[in-house]
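Step one of this worksheet: look at the structure below.
The values are calculated or read from the model by the stated rules, or taken from the named source; none is laboratory data. Because the structure is a prediction, the values reported are computed rather than measured. FYI the Cβ positions are ideal-geometry reconstructions off the backbone, even for glycines, and counts take in every protein chain you see. For the accessible areas, the whole protein counts, side chains as well, though only heavy atoms, and no ligand, DNA or RNA atoms are used. Shrake-Rupley method; radii C 1.70, N 1.55, O 1.52, S 1.80 Å.
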Amino acid sequence: MFWAGRDNLAEIQSLGVQCGQLGVPGDLQLTGEVAAGWKSALQQAQFPVVTVFAAYNGENYADIPTVQRTVGFIPRDTRKEREQRTYQVIDFAAAIGVGSFACHIGFVPEDTTHPDYIDVREMVRRVADHGAKNKQTFALETGQEPAHVLQHFLKDVDRGNVGINFDPANMILYGTGDPIEALTVLGPQVVSVHVKDGDWPNRDQSGALGAERPLGQGAVGIPRFVAKLKEIGFRGPLNIEREAENQQERIADIRKAVTYLKSLA
Ligand code: MG
């Protein structure tokens, strides 16, 4: 996944990446002009984008309580504004010819009678219906809830164009469960994947997130993840995600990740 405003498309291609997901930060102006610019840049580069991924202003991934308070559709104070922003991002994706939209919706409560559960389920339905008008899928990023909770939520949302962007590292970073087992459960609903690695949280620090790691150096077991994807018949792109703050380190890690993934193919 490469980010508008952070990554240079030509540089990403020089790493051996052949297609991917475009991350849209919350402060990126989504005018018709910006969409036209992206459309022509992607066409010129002959770089297929499979998903447009939205982040929102005010999101913070410092630790689990902060994620619960700030990320996705769950925080009440920003829900309306993020719904409007989501429609803009979906339409931007349509304008540049991308058939899938994804984001973190935040920590969905397990209690299906909780007002946040109900309101966010309704919002996911409205967002999905907006995407359906453009023939787009809406992929929910995994990690913040165990597989069975997400599976139940999807069933309850009951929209044919809603699926999962499966991120195996997030399951570990949030301590929600073994990603390979989760992939077995959620496989049929997986629309796209992040190939990312990470270590489990430190048990002595309540609320701490695990640490993201360069591909192959964390607890996911990338070879078994790739093997499981093959086993369940997943044929989509392997979207490398690397979140390191240092851009040079990040680019170097993505370069190594491409070579590493090719060695597993
Ligand atoms: Mg991810």
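See the values below:
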quantity	calculated
Residues of the range 81-119 satisfying the condition of being part of a helix (DSSP H, G or I), within 22 Å of Gln43 (Cα to Cα) and open to solvent by 60 Å² or more (accessible area, probe 1.4 Å)	Gln88, Asp91
Number of the condition not met by Arg126 [criteria: (1) away from the ligand (no atom under 16 Å from the Cβ); (2) surrounded by 19 or more Cβ atoms within 10 Å (Cβ to Cβ)]	(2)
Residue check, Asn165 assigned to a strand (DSSP E or B), open to solvent by less than 10 Å² (accessible area, probe 1.4 Å) and within 15 Å of the ligand (Cβ to nearest atom)	yes
Ala147 vs. criteria closer than 20 Å to Pro25 by Cα and surrounded by 15 or more Cβ atoms within 10 Å (Cβ to Cβ)	no
Qualifying residue in the range 57-69 (condition: within 25 Å of Asn246 (Cα to Cα) and of a type in the set (Phe, Trp, Tyr))	yes
Unique match (being within 15 Å of the ligand (Cβ to nearest atom) and either open to solvent by less than 30 Å² (accessible area, probe 1.4 Å) or over 19 Å from Gly23 (Cα atoms) (or both)) among Asp178, Asp197	Asp197
Those residues of the range 247-265 which are open to solvent by 60 Å² or more (accessible area, probe 1.4 Å) and modelled with pLDDT of 95 or more, in sequence order	Gln248, Glu249, Arg255, Lys256, Thr259, Tyr260, Lys262, Ser263
Residue list for the range 133-144, restricted to those being outside any strand (DSSP E or B) and either open to solvent by 50 Å² or more (accessible area, probe 1.4 Å) or within 16 Å of the ligand (Cβ to nearest atom) (or both)	Lys133, Asn134, Lys135, Thr142, Gly143, Gln144
Residue within the range 90-108 that is closer than 25 Å to Leu154 by Cβ, modelled with pLDDT of 95 or more and in contact with a Cys (Cβ under 8 Å, 6 or more places away or on another chain) present	no
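Every residue, every condition in (1) open to solvent by 40 Å² or more (accessible area, probe 1.4 Å); (2) in contact with a Phe, Trp or Tyr (Cβ under 9 Å, 6 or more places away or on another chain); (3) away from the ligand (no atom under 14 Å from the Cβ), yes or no:
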position	(1), (2), (3)
Arg203	yes, no, yes
Leu215	no, yes, no
Val226	no, no, yes
Leu229	no, yes, yes
Ile232	yes, no, yes
Leu238	yes, no, no
Arg242	no, no, no
